[in-house]
Amino acid sequence: MRKGDQRKVARTILLVGEGDAEELLLRHLKALFVLRGSGLAVTIKNARGKGAQHVVSFAIRHSRNAEYDEVVALFDTDAAWTEKVRVNARKGGVQMLPCEPCLEALLLQAFGQSTGGFTTQQLKQRFLSLFGRPAHSNQYLREADAKFFEDAQHHVPAIATLLALLRL
């Protein structure tokens, strides 16, 4: 770097997904919306399941390893989703993106499917019937380009939040 050149500091985001399916979605969104040299550095981690409490604790622990401008946790609300989790997240500076009751519900909504009144197992089965594979495979992502997510953000708040974070 030449003398007098200003070094641009990147905005940093830590995105923590509850499991493989969440990590796959977050990596896909990063690939679509975060351009190299854009001034945004996104780190994606997989908490390997165990419910909302574990995901929030995992995000807090990993955010201590480096300075992040934003720390976000994407998780299902069907396990360990309590007021204590919400309090811990606020204290730890973690923005929560709960999928009610599961990621498959969020994805089905993005694809224009109704999810009301269904249990987690029923939603996972509906997702499997629609795409032929579970959410932790990349089958559904073949139909999900940038325009798809830009359209989905209008009726899926968690996607709107993710896109807002990934854009400068």
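Taken together, the values in this text are just the output of simple stated rules run on the coordinates, not laboratory data. As the structure is a computational prediction, the values presented were derived from the model and not from experiment. Glycine also receives a Cβ, built like all others from the backbone with ideal geometry; neighbour counts cover every protein chain displayed.
Helix 20-33 and the long axis of the chain differ in direction by around 50°, with both axes built from C-alpha atoms.
Based only on other Cβ atoms within 10 Å, what is the fewest-to-most ordering of Glu70, Glu83? Walk me through the intermediate numbers first.
Values: Glu70 15, Glu83 7.
Fewest-to-most ranking of Glu70, Glu83: Glu83, Glu70.
Across the cross-link table entries Lys50/Lys124; Lys50/Lys84; Lys91/Lys147; Lys50/Lys91, which are compared at the Cα atoms, the separations over 24 Å belong to Lys91/Lys147. Computed from phi, the 3J(HN,Hα) profile of region 87-99 under the Karplus parametrisation 6.51, -1.76, 1.60 (θ = phi - 60°) reads 5, 4, 5, 4, 4, x, x, 9, 7, 9, 10, x, 9 Hz, with x in place of Gly and Pro. Each residue of region 74-85 was assigned a 3J(HN,Hα) from its phi angle through the Karplus expression (A = 6.51, B = -1.76, C = 1.60, θ = phi - 60°), giving 10, 8, 7, 9, 7, 9, 6, 9, 10, 5, 4, 4 Hz with x at Gly and Pro.
The angle between the Cα long axis of helix 51-63 and the longest principal axis of the Cα atoms of the chain comes to about 10 degrees, rounded to the nearest 10. If a spin label sat at a point 7 angstrom from the Cα of Asp69 along the line to its beta carbon, the backbone N atoms of region 150-168 nearer than 14 Å would be those of 164-168. Within the listed set Ala52, Ala105, Ala66, the residue fluctuating most in the Gaussian network model of the chain (springs between alpha-carbon atoms under 10 angstrom) is Ala66.
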